[in-house]
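Since the structure comes first, as structure tokens, the remarks are kept for the end.
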Amino acid sequence: MPTLSLPTLLLGSLLFALSGTEASATGSKPAPGKELWLFGGGEPICSSVEPQKCLPEFNQQAAEFFAQTEAIRHKVFQVDAATLQRWQQSELWPDSTQRRQHLQSALLPLLTAVLGQPLAEPDWHHHFNHLELTGDEQSLLDDWFEIRPLTQNGATRTMQVYYAGTPDYVRAMFEAFVASGRERATARTGKVVLRPRLVLITASSYNVFEWVDYYQQLFTAAGAEVVWLPIEPAIIQGSPCAELDQQRLFWNGQLQRQARYPELAAYQQQFCQQQEKLTELVASADLFFINGGDQSLTMRSLQDFNGNWTEVAVMLQQKLAEGIPLGGSSAGTAVQSGRPGSNIPMLSGGSTASALLNGTLATDADRPLCQLFQQCNPLLGEPVLTYKADGGLQSFTLGVLDTHFRERAREGRLMKLLLDSGANTGVGIDEATLLRVNFVTAEQAELSVMGPGGVWIVQTTPSLHSAPNAQGWRLSGMQASRLLAGDSATLSSTTIQVRLHCPETSHYPAQQIDVSAFAEKAQWRWLQQGGKVQACQREDQQWRYQQLPLILEVNNANS
């Protein structure tokens, strides 16, 4: 991630603020319609679990703060005789019986060797590295032996966020989000709202409890009153309240979380037993935020087993339509794609390589521990790009959303999904970057960007063409725009008008633009068609451009 100068960041922040609800690009004052704050994920936040993301000049103060607050810095594991015996007797294993027997015989002496020794997460995982456990196997083993860390007064130790040590531009993004909620709440109620109520949704996490304290501290520091909405699949899919911990294993692949997080589990139980309080909490919101993780989990927390919206989801969508801002990061952004009755899908998993070489499949990715419950999708034997054909939360109605975009080279998977689903528009957001979306009408929105990365918007044209051949296939008829801080755009599902922070005369041959980003890979390459495109480079060499025509060639022979 390039380091931007302070003047660049301040300029981007100023232009971002001017492009929002207070003033549009034309200086008019739009009505406070639906507003989305879409974070690309990977925001560098100074915390006890990621101290490397603290600003260097704050390292000492952060370390002292984490020590004073008895912050958890990593998970801790300890093998005791009683748990070891239960583990030996358990039939829970994510793979075949034969593999379970093989690995249990290999694991037993390793577990016995560290009996009674508390091990930090890096040491614990290093102890088993040579066994090459799968992700499901390691996760289940971790859950068996993770211990609850306690403060001196007997409470559960939590992650701690040291907000002052977080980069200025990150704080500016979160504070702008909270400020919008504050301004809209004040206008809506006619009373000055000092701390808007932010309803936090952590349903994207496999462990719904893990990041609650982290986000509560982050948004409290950013100026909000934070309350947690404790939804997850186990509580939504009709599980008896007394069986949430057992059902969490089925839905999320998580074991014994109630014992690890007793305070949050007790809070959740209150809402499970009186679920009308979930809807009441949503109705009280001035802001919403959905965390990162797995967007399919969020959808299973908002829809019942038959795909019907829950009362919580209906109220959430109603509040968004009334202009209550919704923010999301990573999966919390990706889950927002969709429009009722349209072909705008929600991405649910897969890389560019898997999408281009193995295709796409209109299904959710497999749940954790699907083999244990004999519910793995037989069509997912090969890695493919998966998507939910009828979309996600359907708050972003103009196209498909993708995140961690430039960092994970996701341009190819987004274009392949547009081709296979028939959707017209895809939007990819880089890490630590924010796209603010203000809907002017149901079919049109004003976009603005904040942060050091970019936002990539690709749209199909009437000349969209896919040409398979013996070696692979070729896709043409796409046009891509890339926005950086200070840029804005007006977007509908079929058209885009881009306003770049470039000199008017900055037109470049298409073949010169973003050459490093479109470098040829072993299995595919990008071709920029002829002609000139309005574009320019920022001081960190990142390109901003509009409607760059692209061709994608995929060579299956090298797969």
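The values are calculated or read from the model by the stated rules, or taken from the named source; none is laboratory data. For clarity, every value in this text was computed on a predicted model and none was experimentally measured. As a convention, Cβ positions derive from the backbone with ideal geometry for all residues, glycine included, and neighbour counts pool all protein chains shown.
Looking at A470, is it of a type in the set (G, A, S), at pLDDT below 90, touching a helix residue (DSSP H, G or I) at 6+ places or on another chain (Cβ under 6 Å) and part of a loop (DSSP other than H, G, I, E, B)? So A470 fails the test. In segment 486-498 there is at least one residue matching the filter, namely being surrounded by 16 or more Cβ atoms within 10 Å (Cβ to Cβ), out of contact with any Leu (no Cβ under 6 Å at 6 or more places or on another chain), under 20 Å from T425 (Cβ atoms) and modelled with pLDDT under 95. Taking segment 280-301 as the range and being assigned to a helix (DSSP H, G or I), of a type outside the set (D, E, K, R) and more than 23 Å from P32 (Cα to Cα) as the test, the residues that pass are Q295, S296, L297, T298, M299. Mind listing whichever residues of segment 217-243 are surrounded by fewer than 21 Cβ atoms within 10 Å (Cβ to Cβ) and either assigned to a helix (DSSP H, G or I) or of a type in the set (S, T, N, Q) (or both)? Within segment 217-243, Q217, T220, A221, Q237, S239, C241, A242, E243 qualify.
Could you grab me the full set of residues in segment 37-83 that are of a type in the set (A, V, I, L, M) and surrounded by fewer than 16 Cβ atoms within 10 Å (Cβ to Cβ)? If the condition is that a residue be of a type in the set (A, V, I, L, M) and surrounded by fewer than 16 Cβ atoms within 10 Å (Cβ to Cβ), then A67, A81, A82 are the ones that fit. Of all positions in segment 368-384, none carries a residue that is among the charged types (D, E, K, R) and touching a strand residue (DSSP E or B) at 6+ places or on another chain (Cβ under 7 Å).
When the criteria are applied in full, L218 meets the requirement of being at pLDDT 95 or above, under 27 Å from P149 (Cβ atoms), out of contact with any Leu (no Cβ under 7 Å at 6 or more places or on another chain) and hydrophobic (A, V, I, L, M, F, W, C).
Kindly check whether there is at least one residue in segment 456-474 that is aromatic (F, W, Y), over 19 Å from V400 (Cβ atoms) and in contact with a Cys (Cβ under 9 Å, 6 or more places away or on another chain).
no
Return the residue satisfying two criteria in turn: it lies in segment 94-108 and is more than 14 Å from E132 (Cα to Cα) and of a type in the set (G, A, S), and of such residues it is modelled with the highest pLDDT. That would be S105. Of the listed requirements (1) over 23 Å from E311 (Cβ atoms); (2) buried (at least 17 other Cβ atoms within 10 Å of the Cβ); (3) more than 24 Å from the chain's Cα centre (by Cα); (4) not aliphatic (A, V, I, L, M), C272 misses just one: (1).
When S337 is tested against the conditions (1) closer than 17 Å to S204 by Cα; (2) in contact with a Lys or Arg (Cβ under 8 Å, 6 or more places away or on another chain); (3) hydroxyl-bearing (S, T, Y), the lone failure is (2).
A single entry from R182, R195 fulfils the requirement of being part of a loop (DSSP other than H, G, I, E, B), at pLDDT 95 or above and outside the structural domain of W93 (by TED's automatic domain parsing): R195. Being over 30 Å from R171 (Cβ atoms), touching a residue at least 24 places away in the same chain (Cβ under 8 Å) and outside any helix (DSSP H, G or I) narrows it down to one residue among L140, L133, L111; which is it? It is L133.
Selection of strands (runs of 3 or more DSSP E) fully inside segment 312-395 by the criterion of at least 3 residues being under 20 Å from N252 (Cβ atoms) returns 346-349.
Would you mind finding the one in A203, A172 that is part of a loop (DSSP other than H, G, I, E, B), of a type in the set (G, A, S) and touching a strand residue (DSSP E or B) at 6+ places or on another chain (Cβ under 8 Å)? Result: A203 is the single residue among A203, A172 that is part of a loop (DSSP other than H, G, I, E, B), of a type in the set (G, A, S) and touching a strand residue (DSSP E or B) at 6+ places or on another chain (Cβ under 8 Å). Return a yes/no flag: does segment 511-524 have any residue that is within 19 Å of M450 (Cβ to Cβ), touching a strand residue (DSSP E or B) at 6+ places or on another chain (Cβ under 6 Å) and part of a strand (DSSP E or B). No, every residue in segment 511-524 fails to be within 19 Å of M450 (Cβ to Cβ), touching a strand residue (DSSP E or B) at 6+ places or on another chain (Cβ under 6 Å) and part of a strand (DSSP E or B). Candidates S506, S466, S476, S492: the one that is among the hydroxyl-bearing types (S, T, Y), within 20 Å of F396 (Cβ to Cβ) and in contact (Cβ under 8 Å) with a residue 24 or more places away in the chain is S492. With respect to the conditions (1) over 30 Å from N438 (Cα atoms); (2) assigned to a helix (DSSP H, G or I); (3) within 31 Å of the chain's Cα centre (by Cα), P94 falls short on a single one, namely (2). Restricting the search to segment 501-559, which residues are within 27 Å of A353 (Cβ to Cβ) and among the β-branched types (V, I, T)? Within segment 501-559, I513, V515, I551, V554 qualify.
Inside segment 166-187, residues that are of a type in the set (G, A, S) and either in contact with a Gly (Cβ under 6 Å, 6 or more places away or on another chain) or surrounded by 23 or more Cβ atoms within 10 Å (Cβ to Cβ) (or both) make up a count of 2.
Looking only at residues that are modelled with pLDDT of 95 or more, assigned to a strand (DSSP E or B) and of a type in the set (S, T, N, Q) in segment 399-458, which one is surrounded by the most Cβ atoms within 10 Å (Cβ to Cβ)? Checking each candidate, the answer is S448.
Checked against the criteria, T202 does not count as within 22 Å of A71 (Cβ to Cβ), without any contact (Cβ under 8 Å) to a residue 12 or more places away in the chain and assigned by TED's automatic domain parsing to the domain that holds G292. Scanning segment 350-401 for residues that are of a type in the set (S, T, N, Q), in contact (Cβ under 8 Å) with a residue 40 or more places away in the chain, in contact with a Gly (Cβ under 6 Å, 6 or more places away or on another chain) and under 23 Å from K521 (Cα atoms) yields a count of 1.
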